[in-house]
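The values are calculated or read from the model by the stated rules, or taken from the named source; none is laboratory data. It should be emphasised that the depicted structure is a prediction, and the values quoted were computed from it without experimental measurement. Positions of Cβ are generated from backbone atoms using ideal geometry, with glycine treated the same way; all protein chains shown enter the neighbour counts. For accessibility, only protein heavy atoms count, side chains too; no ligands or nucleic acids. Shrake-Rupley method; radii C 1.70, N 1.55, O 1.52, S 1.80 Å.
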Amino acid sequence: MSLNTVNKVSQEASSTDYPVKSIDWLTRLIGFDTVSRHSNLALINDVQAYCEQLGLTVDLTFNKEKNKANLFVTVPAGQDADQINHGLVLSGHTDVVPVDGQTWTSDPFVATIRDDKLYGRGACDMKGFIACALALLPQAVALSNQGKLRRPLHLALSFDEEVGCLGAPLILADLKMRGITPDYCIVGEPTNMTMVVAHKGIAVYRCRVHGKSAHSSLTHQGVNAISYASRLIGFVDELAQAISHRDDNDDLFDVPYSTLSVGTIHGGTATNIVPNLCEFTFDYRNLPHMTQDDIVAPIQTKIAELTEQMQARAPETGIELLQEESVPAMRDGDNAELQALVTALTGDDERHKVAYATEGGQYTNSGIPTIICGPGSIEQAHKADEFVALSEIERCDGFLQKLLESCTA
Ligand SMILES: [Zn+2]
């Protein structure tokens, strides 16, 4: 108890001036270089201090190396302001993609406003939404202190979203451990403030074909890894064609079928050597109703068939298939009540389904109905001169304001 008091006093003594407006928060957040390969702790510590200055208690979960953290904070509801279960989660990832090899008009880590657009890495993906959520907190805290908040408001900031959604599962596991089951979640990825109700999943695979070397004049003594890899790649392409013509595809997606695409290939050392290794990668972007087994099973059958042929010639050869990354799809339907709430608040009943993956599928899978809605366009994400229109930030502020009001009703 006394330790807490000491902490509180020292924090007050060193209290910092934090931005009030979303745009100023966005400027501050862009100033932290949180490219996924770097630590995000400077940003997290800054937000933590802000939350603590507002009297909130933050909960951090770390990666193994302890150089990255998720932050989860709750503005409690209830008469005694002690209720933290249920409620609405506003979720955003703190990491951004690299700027390597891109030509920017201005410094990507210094927010710059030109023609009513704010430029900077993360402007739309997705520090814009986080900025709006942070700017909303003081008002939420005031309502909570007045006993007017009926439903807690949570803010979840994750790390390593851009490299496979690695942070959010730690938040979800922590919530489970603490017995907190939020009612809804809104992931603020850029959707031009329209409602995205479903997205595809991603699975990335690496395939290693192990053949046997020989001089290229003695092909009968070797097993050509590139040749077998190319047969397997041909099969993957045929499978991609087949799944694009399934009759259960979904026209609400801009690409209405699951896609399968080979991305990289490496193999061989010299033209006059039968190669003993060929390695390629492919990714699968599945519609929510399709599972990874739908594509992995036929590929594995093909691998077994090719392996048998290879091993008949040299038993030490074979094919390995490794899953490198996997992010679940977000289903439509689990979130019907939340969709209705958002439609009621915005008067907009447009619903979209998108090809890119977010943390939404992870939230949905742990039983938290989720939609995606945030400022800016995915068109600008990951590119040079990433920007968010200031009007989008304004719209997001308006939307969050209505959401907060819905938590008081
Ligand atoms: Zn994003």
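Could you tell me whether region 201-327 comes out rounded, prolate or oblate from its Cα gyration tensor? Rule is a ≥ b ≥ c as square roots of the eigenvalues, rounded for a/c under 1.5, then prolate if a/b exceeds b/c, otherwise oblate. Judged from the Cα gyration tensor, region 201-327 comes out prolate (a/c at least 1.5, a/b above b/c). Once C-alpha pairs closer than 8 Å and six or more residues apart are averaged by separation and normalised to the residue number of the chain, the relative contact order reads 23 percent. Please report the antiparallel percentage of DSSP beta bridges with both residues in the chain, rounded to the nearest 5. Here the share of antiparallel DSSP bridges comes out near 70 percent. Basic side chains Lys and Arg get +1 at the Cβ, acidic Asp and Glu get -1 at the Cβ, and with that the dipole of region 321-409 about its Cα centre reaches some 180 debye. The protection proxy used here, the mean number of other Cβ atoms lying within 10 Å of each residue, ranks peptides 167-173, 195-201, 82-88 as follows, highest first: 195-201, 167-173, 82-88.
Cα centroid separation, region 289-314 to region 76-109: 41 Å. Could you grab the relative contact order for region 288-409? Cα pairs under 8 Å, six or more apart, rounded to a whole percent. With pairs under 8 Å counted, the relative contact order is 20 percent. For the chain, the Cys residues with no second cysteine's beta carbon closer than 4.7 Å are C51, C124, C165, C185, C207, C278, C373, C407. The dipole here belongs to region 201-327: it is taken about the Cα centre, uses +1 on the Cβ of Lys and Arg and -1 on the Cβ of Asp and Glu, and is about 740 debye.
Taking a ≥ b ≥ c as the square roots of the eigenvalues of the Cα gyration tensor, an a/c ratio of 1.5 or more together with a/b no larger than b/c marks region 107-177 as oblate. Rolling a 1.4 angstrom probe over the chain with all protein chains present gives an accessible area of which 51% lies on carbon and sulfur atoms. Excluding ligands, DNA and RNA, the accessible surface per residue across region 25-89 is 43 Å² with a 1.4 Å probe.
In terms of its alpha-carbon gyration tensor, region 130-242 comes out prolate; a/c meets the 1.5 threshold, and the first ratio a/b outweighs b/c. Taking every alpha-carbon pair within region 32-125, the share separated by more than 18 Å comes to 58 percent.
Taking θ as phi - 60° and the Karplus parameters 6.51, -1.76 and 1.60, the scalar couplings of region 59-73 work out to 10, 10, 10, 10, 6, 4, 6, 6, 9, 9, 9, 8, 10, 10, 9 Hz in sequence order, x denoting glycine and proline. Size check on the chain: the Cα extents along the three principal axes, sorted descending, read 83, 49, 45 Å. 3J(HN,Hα) along region 111-122: 4, 10, 9, 9, 6, 6, 10, 9, 9, x, 5, x Hz, from the Karplus curve 6.51 cos²θ - 1.76 cosθ + 1.60 with θ = phi - 60°, whole Hz, x for Gly and Pro. Using the average count of surrounding beta-carbon atoms within 10 Å as a protection proxy, the listed peptides 179-186, 338-345 rank, highest first, as 179-186, 338-345.
With respect to the cross-link table entries K21/K383; K68/K212; K64/K148; K21/K200; K176/K302, which display a Cα-Cα separation exceeding 32 Å?
Distance filter (> 32 Å) returns K68/K212; K64/K148; K21/K200; K176/K302.
Annotation: amide H-H contacts under 5 Å for K212 (H modelled 1.01 Å from N, sequence separation of 5 or more, or interchain): V223, N224, A225. Build a GNM of the chain with springs between Cα atoms under 10 Å: which of K383, K176, K353 gets the top mean-square fluctuation? Result for the chain, Cα springs under 10 Å: K176 fluctuates most. Centre-to-centre, using Cα atoms only, region 241-278 and region 185-229 are separated by 7 Å. For region 230-243, 3J(HN,Hα) computed residue by residue from phi via the Karplus equation (6.51, -1.76, 1.60; θ = phi - 60°) reads 5, 5, 5, 5, x, 5, 4, 5, 5, 4, 4, 4, 4, 6 Hz, glycine and proline entered as x.
Taken about its Cα centre, the chain carries a charge dipole of roughly 700 debye when the Cβ of each Lys and Arg holds +1 and the Cβ of each Asp and Glu holds -1. The residues of region 201-327 expose, per residue, 52 Å² of accessible area to a 1.4 Å probe.
Which residue, I202, Q323, Q309, has the largest displacement toward the positive end of the dipole of region 201-327 when charges sit on each Cβ (Lys, Arg +1; Asp, Glu -1)? Checking the options against the dipole of region 201-327, the answer is Q309.
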